[in-house]
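Data block below; observations after.
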There are 2 protein chains.
Amino acid sequence: MSKISPEILLTFINLDRTLKMPLYIQLYEAMKQGVFDGMLKHGDRMPSTRSLAAEFSVSRNCVLLAFEQLTLEGFLTGKTGNGTYVCEQINELKTGIRKIKKAVATGEKNLMASEMADLPLHAQFVANYIGQEAMLPFQPSIPALADFPFQIWAKIAATVYRNIRQLHLGYDSAQGYLPLREALTDYLRMNRSISCTADQIVLVNGSSQAMHLIAELLLKKDEQCWMEDPGFLRAKSAFARFGAKICPVPITDSGMDLDYAMEHFPAARLAYVTPSHQYPLGETMPLMNRIKLLKWAAQQDMWVIEDDYESEFRYANRPIPALKGLDTFGKVIYVGTFNKTLFPALRIGYMVLPSAAIAQQFTVAKAVIDRQSPVIDQAILTSFILEGHYTRHLRRMRLIYRKAQEELVALLRSELGDYLRVTTADAGMHLVAWLLNGQDAITVAHKARANGIYIYAVDELSISFKHPSALIIGFTGFSRKMMEEAVIKFKQALYPHGFFN
Amino acid sequence: MSKISPEILLTFINLDRTLKMPLYIQLYEAMKQGVFDGMLKHGDRMPSTRSLAAEFSVSRNCVLLAFEQLTLEGFLTGKTGNGTYVCEQINELKTGIRKIKKAVATGEKNLMASEMADLPLHAQFVANYIGQEAMLPFQPSIPALADFPFQIWAKIAATVYRNIRQLHLGYDSAQGYLPLREALTDYLRMNRSISCTADQIVLVNGSSQAMHLIAELLLKKDEQCWMEDPGFLRAKSAFARFGAKICPVPITDSGMDLDYAMEHFPAARLAYVTPSHQYPLGETMPLMNRIKLLKWAAQQDMWVIEDDYESEFRYANRPIPALKGLDTFGKVIYVGTFNKTLFPALRIGYMVLPSAAIAQQFTVAKAVIDRQSPVIDQAILTSFILEGHYTRHLRRMRLIYRKAQEELVALLRSELGDYLRVTTADAGMHLVAWLLNGQDAITVAHKARANGIYIYAVDELSISFKHPSALIIGFTGFSRKMMEEAVIKFKQALYPHGFFN
């Protein structure tokens, strides 16, 4: 074995005394780099610690520490007395890499193995649901964050932090923070006519996670699943991801067309519905249909998933009670979220299960998937609800959103009345507008988005049943000035022959 | 149709003027309840609003509002002029329910459809990983929260809240808060010898979520997967959940037995390893084995999952660089977490993927599963890192944990030296102790837990390869006094013939 003289080391090791990094670490890093760069080869004998210390004007302890770490990591071997050697095989790493790398560096795009891989990867999904969402007109479901009482929220947060030692910051129940579940039972009873106990509730990160838990626990491969069409794509992709057969059901002015569904897909194991306010068309499912659906669910042993999104924002009459409130059969799973009523970056949603026993099974699933949701935000939210801020906030937002919709409808009618028929929304955060002149909504939506106006076509959410003239226009979260400017830009997208021609 | 007289209504409607609930809502609720209770039957004609108003001494408007809502919900029908009727079919709900309910109320326990269902439902998993975890000796992986700088954390939180309008609180990138990913690249370079860019990082809720994303994206059904045995059950259950074939690989004093794995399962597509500090036995994988593993991974096109749990807490030498730092082939996926270094209820972990393109695919998967992680805590953590508190905290914890281990080892040796041989841990949050007198570790662990001492047997984490005398004993997070008391209780569990016999 060749002896490495200190001179050789010197050619590639430079210690920099102006750096904060301790000298022994610099030495360690430099020697390791030497191995990777091929300056130090396997079997090479290292100089003595004494001579290295002298060479670099460092303490001998400094060299010893570097050697010790390199030995621990397997770069060096041998006892100090016998001499220290660069480990054998070490350079194989480099040589091996070069040989193999070419053979391996193929097919990075085919990385995804499961069915999930292809599902959401089409361009629209990636564009709409993965990046940071523009909070620009007329993106739907954007809360008016300018009107969110962050001062109150921050004040509560400060109180929570002052008493932080009272919170359990270790691993908490996967079911979610108990005081929040308790606060929710009261809220749901008073506002959604749902009578449940805290042990029927499972807290989740949002409705997406709820849909995935549902899909995984309740659906076997190839089982049929009624899906509103057009409808909420995230629910569809969750069910499809676990191999369910998606059965598109058209929408009537009573919401999901139950007769169609019962006739075409009588064997379905699960139905996804938005009875308070069909997404995206906005219809409310009347009581008769609700009863019909519940009876069918009981007879056929079918689960009903009630996604009660945005039902808090109802502009006519009281909020309509939840389907879950009628669920004497125990077949309805209710899904709600705070991400739309408060702010999306919060990530707190919830499920109401038919029984504590079923909730326990969902808790297991939640625990398996991501153990639990973060606790501090749940504690802040609990106080926000218990101190009455939540219902006050909802009441205030209802007025703000109602006014925003009125303003937008007036604007659209006066500026774009020749192009659009606007249907006002009784609830929620968007309205539906219908193109009058035979223009295709998807084309218009693309042109509008290219122009910075975040409008979507209903058909971008459809599976089989088309509404080629329908557009989704969000009206929450934007100032009057933003909406006025956006309507002008929107008009440009509606001109059949380009801008201002 | 029979006419309902106001007298009939009176028998079940009582308005309570002392309640905060508005009278029209009380009226509405009472009438709806009347329908469900069978007091109002379908086709029944409602009394006139005028007579009802007189009967209850309320304004006519109050009655009109109640009727309006009931009509909207489908309980009532008809125009006021023509008379208002209870909707037909309405009672079918009740009758239907009674008939069907008995037939349906079967098999609630067989609710779970997918493979996931059975997997984690065995009692131990439920007990250990779902409920609130006791922060009692000698539960492993419990941070010393008494020493966590919550004052600093709260101060940063207050600053974040003061500038909350600068945060994007709408839907953010599913990949995670960009400034946190940037801060992580520096941290990983300096502390784990990992050189990566922010677009290779995906933020997740914790290592459980990382394992599930990995399983779903990288494993096809029946593909083989090397699993350390004993090892991290959550990773195993994640891989098994998506149909992978778990291949148990025994542990040597160099960590996973690579020769065994290569000989027995050459076709494996994925290997799960904890090279810094094997979980739970604590061995470090030496450099030679790391190189061997990486070369094999490149040749066989196998993914290597490096779970770098608790590597921040190293008590001897510098932290050992991550396997990922040697990964010139691009086959290693690195998983780290803040939930153990800071506090478990935080729920922030991260993955480092081999390339931005692969990270983009994991981002899609994360977006599909739960859209994104909460933003405010990510912002607080970013400042905590950038202001130097994180490395300071780790340094401080290292000293505290080292001292705690020394104290516990001394205690165990002096009090239980006849029963146990203690192996000190070079890193992490638990040590391994070996029973000397032929006692079975699982039996001892059960007895200890029944006595309030949270000790686990290594074999509770094993698949095929047993270490029947090995116990896992956490040493972080407990005061000296707690440990002293716990050792006495532990001693009781070690007495072969019950307490103090």
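Some points to look at:
- Residue in segment A:421-435 that is most open to solvent (accessible area, probe 1.4 Å), counting only those that are more than 19 Å from A:L136 (Cβ to Cβ) and at pLDDT 95 or above: A:R421
- In segment A:310-325, residue nearest to A:S195 (Cα to Cα) [restricted to those that are more than 7 Å from chain B (Cβ to nearest Cβ) and surrounded by fewer than 23 Cβ atoms within 10 Å (Cβ to Cβ)]: A:G325
- All conditions but one from (1) crowded, with 23+ Cβ neighbours inside 10 Å; (2) within 14 Å of chain A (Cβ to nearest Cβ) apply to B:N289; the one that does not is (1).
- The set of residues in segment A:343-362 being over 22 Å from the mean Cα position of the chain (by Cα), facing another protein chain (nearest Cβ under 9 Å) and either outside any helix (DSSP H, G or I) or under 15 Å from A:S173 (Cβ atoms) (or both) consists of A:P354, A:S355, A:Q360, A:Q361.
- Of everything listed in (1) in contact with a strand residue (DSSP E or B) (Cβ under 6 Å, 6 or more places away or on another chain); (2) open to solvent by 30 Å² or more (accessible area, probe 1.4 Å); (3) free of Cβ contacts under 8 Å to residues at least 40 places away in the same chain; (4) among the aliphatic types (A, V, I, L, M), the single unmet condition for B:A410 is (1).
- Taking residues in segment B:51-63 that are under 14 Å from B:Y28 (Cα atoms), and partners anywhere that are of a type in the set (S, T, Y) and assigned to a helix (DSSP H, G or I), the pairs with Cβ atoms closer than 6 Å and at least 6 places apart or on different chains are B:R60/B:T49; B:C62/B:Y24; B:V63/B:T49.
- The set of residues in segment A:189-217 being more than 23 Å from A:S141 (Cα to Cα), open to solvent by 10 Å² or more (accessible area, probe 1.4 Å) and in a helix (DSSP H, G or I) consists of A:R189, A:M190, A:A198, A:D199, A:Q200.
- Test result for A:A367, out of contact with any helix residue (DSSP H, G or I) (no Cβ under 7 Å at 6 or more places or on another chain) and open to solvent by less than 30 Å² (accessible area, probe 1.4 Å): no
- Selection status of B:Y454, of a type in the set (S, T, Y), in contact (Cβ under 8 Å) with a residue 60 or more places away in the chain and touching a Leu at 6+ places or on another chain (Cβ under 6 Å): yes
- Any hit, segment B:475-492, residues being surrounded by fewer than 21 Cβ atoms within 10 Å (Cβ to Cβ) and touching a Phe, Trp or Tyr at 6+ places or on another chain (Cβ under 7 Å): yes
- Residue match in segment B:372-384 (condition: in contact with a strand residue (DSSP E or B) (Cβ under 6 Å, 6 or more places away or on another chain) and either modelled with pLDDT of 95 or more or within 9 Å of chain A (Cβ to nearest Cβ) (or both)): yes
- Qualifying residue in segment B:193-215 (condition: more than 7 Å from every other protein chain (Cβ to nearest Cβ) and without any contact (Cβ under 8 Å) to a residue 12 or more places away in the chain): no
- Identity of the residue in segment A:436-462, of a type in the set (S, T, N, Q) and out of contact with any strand residue (DSSP E or B) (no Cβ under 9 Å at 6 or more places or on another chain), that ends up most open to solvent (accessible area, probe 1.4 Å): A:N437
- Residues of segment A:256-286 that are more than 13 Å from every other protein chain (Cβ to nearest Cβ) and among the small types (G, A, S): A:A261, A:A267, A:A268, A:A271, A:G282.
- Any chance B:A365 is farther than 23 Å from A:V35 by Cα, more than 27 Å from the chain's Cα centre (by Cα), facing chain A (nearest Cβ under 10 Å) and not in a loop (DSSP other than H, G, I, E, B): no
- Those residues of segment B:14-44 which are at pLDDT 80 or above, away from chain A (no Cβ under 14 Å) and surrounded by 15 or more Cβ atoms within 10 Å (Cβ to Cβ), in sequence order: B:L15
- The residues in segment A:128-160 that are open to solvent by 10 Å² or more (accessible area, probe 1.4 Å), in a helix (DSSP H, G or I) and facing chain B (nearest Cβ under 8 Å) can be counted, and the count is 5.
- The single condition among (1) more than 25 Å from the chain's Cα centre (by Cα); (2) assigned to a helix (DSSP H, G or I); (3) closer than 19 Å to A:H277 by Cβ that A:A433 does not satisfy is (2).
- Flag for A:D186 being over 30 Å from B:A157 (Cβ atoms), open to solvent by 10 Å² or more (accessible area, probe 1.4 Å) and more than 13 Å from chain B (Cβ to nearest Cβ): no
- Residue count for segment A:172-183, restricted to those that are more than 9 Å from every other protein chain (Cβ to nearest Cβ), in contact with a helix residue (DSSP H, G or I) (Cβ under 6 Å, 6 or more places away or on another chain) and open to solvent by less than 10 Å² (accessible area, probe 1.4 Å): 2.
- Flag if A:I400 is among the β-branched types (V, I, T), more than 7 Å from chain B (Cβ to nearest Cβ) and over 25 Å from the mean Cα position of the chain (by Cα): yes
The values are calculated or read from the model by the stated rules, or taken from the named source; none is laboratory data. Bear in mind the structure is a predicted one, so any value in this text is a computation, not a measurement. Here Cβ is always computed from backbone atoms with ideal geometry, including for glycine, and neighbour counts include all displayed protein chains. In case anyone asks, the SASA skips ligands and DNA or RNA and just uses the protein heavy atoms, side chains included. Shrake-Rupley method; radii C 1.70, N 1.55, O 1.52, S 1.80 Å.
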